[in-house]
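The values are calculated or read from the model by the stated rules, or taken from the named source; none is laboratory data. All of these numbers come straight from a predicted model, not from anything done at the bench. Ideal geometry is used to build each Cβ from the backbone, glycine not excepted, and the neighbour counts take in all protein chains shown. Side chains are part of the model used for accessible areas, which takes the heavy atoms of the whole protein and leaves out ligands, DNA and RNA. Shrake-Rupley method; radii C 1.70, N 1.55, O 1.52, S 1.80 Å.
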Amino acid sequence: MRAVGLFFVCVVLLLTSTAYSQTGRQNEALVRYARTAVTRTEKALSDLLRFYDAGGVSPDKVREVREALAESKILLAEAEGNQREVVAQLRFLVEQDNAALQQSRNAAAQGAISAAQLAIIEQEAVYRRVRLANASGDKQAQIRALGQLTATVKISAEANARLFAQKQIDRATLRQSQKELAQAYYELAVVNDDKESVIKYLGILVALNQEELQASYGRLSPIAIADLKRVTIDLEAELAFANGKMSEYQKKLQTLVQLDQQAVQRSRSGALGAYETAQRQFDLADSQARLTTAKKGE
């Protein structure tokens with residue numbers, strides 16, 4: 001499973017010399033992109049602070065850019081394999097969230113924002129705590145954070161189910177909240193080494209993504225459909241592996257490699273940005289390494 005976020009890059013352990021060499025070159029591209037992102041965001045923050053000192057910028061805007069800078073530093077640290085910096089920047093973001101949460105709760109108590117808006121802010125803060133727990137490798141912290149996440153996402157999913165029954169939201173909105181809930185339960189099951197629940201929630205995620213993929217044809221762009229198809233096949237591969245179906249697992253990985261090869265070819269047309277191009281090359285090296293490792297385990 002890959003974690004999904006604006007600046008979030010999965011660091012993958014590649015087990016073959018060919019894949020390692022390939023990923024080394026692609027990691028260099030990610031490092032270059034991340035350094036550029038850090039430099040540009042630092043410049044933006046510096047400019048913003050001058051306006052802020054003059055009273056022309058809101059504190060919320062400054063916080064937003066500070067968070068963007070921290071995220072770009074996380075991207076760079078992950079590309080360089082600097083886990084200590086990843087944890088440090090995530091701690092900073094969690095501290096920012098804690099301060100913002102208190103302000104938001106005060107605003108909600110005064111009626112300045114709705115309960116629904118507060119719930120979204122709280123959910124985003126919990127996601128950050130999960131990221132910090134995962135990055136630090138603290139199992140107990142992971143369990144606590146994921147427990148908070150499942151509780152928060154469950155409230156949102158149940159509310160969306162009621163809204164869907166009242167025909168106030170569409171199926172796509174309901175499905176997204178169901179995916180977020182299944183993902184949270186899946187991650188909690190992984191941390192708890194609960195194989196039965198891992199299979200259960202992977203199955204739910206596969207079914208929801210397959211449904212979303214079918215609904216996307218004729219509605220989304222070819223690139224967006226291809227990305228969604230990749231996520232779906234990746235989930236199907238993980239489900240096959242969890243069920244011990246190694247032949248099916250290899251077939252899904254072969255399909256994943258083909259999809260990644262096609263994505264890399266599309267990225268060379270110049271339609272994607274530097275980060276998206278590098279990420280697709282990184283995905284290809286990852287899927288090739290997973291397939292090679294699976295074949296060695298035959």
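Numbers for the structure displayed
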{"quantity": "Check on Val206, touching an Asp or Glu at 6+ places or on another chain (Cβ under 6 Å) and in contact (Cβ under 8 Å) with a residue 12 or more places away in the chain", "calculated": "yes"}
{"quantity": "Checklist (1) at pLDDT below 95; (2) open to solvent by 20 Å² or more (accessible area, probe 1.4 Å) applied to Glu211, failing item", "calculated": "(1)"}
{"quantity": "Sole exception among (1) within 22 Å of Asn192 (Cβ to Cβ); (2) open to solvent by less than 60 Å² (accessible area, probe 1.4 Å) for Val94, by number", "calculated": "(1)"}
{"quantity": "Matching residues in the range 97-131 - criterion: being of a type in the set (A, V, I, L, M), closer than 18 Å to Val153 by Cα and surrounded by 14 or more Cβ atoms within 10 Å (Cβ to Cβ)", "calculated": "Leu101, Leu118, Ala119, Ile120, Ile121, Ala125, Val126, Val130"}
{"quantity": "Output for the range 56-87, where each listed residue is outside any helix (DSSP H, G or I), modelled with pLDDT under 90 and within 20 Å of the chain's Cα centre (by Cα)", "calculated": "Gly81"}
{"quantity": "The range 25-50, residues that are open to solvent by 30 Å² or more (accessible area, probe 1.4 Å) and at pLDDT below 80", "calculated": "Arg25, Asn27, Glu28, Tyr33"}
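Results for (1) within 15 Å of Arg230 (Cα to Cα); (2) touching a residue at least 40 places away in the same chain (Cβ under 8 Å); (3) more than 20 Å from the chain's Cα centre (by Cα); (4) open to solvent by 30 Å² or more (accessible area, probe 1.4 Å), shown as yes or no for each residue.
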residue	(1), (2), (3), (4)
Asp260	yes, no, no, no
Ala263	yes, no, no, no
Ser269	no, no, yes, yes
Glu276	yes, no, no, yes
Phe282	yes, yes, no, no
Ala285	yes, yes, no, no
Thr292	no, yes, yes, yes
Lys295	no, yes, yes, yes
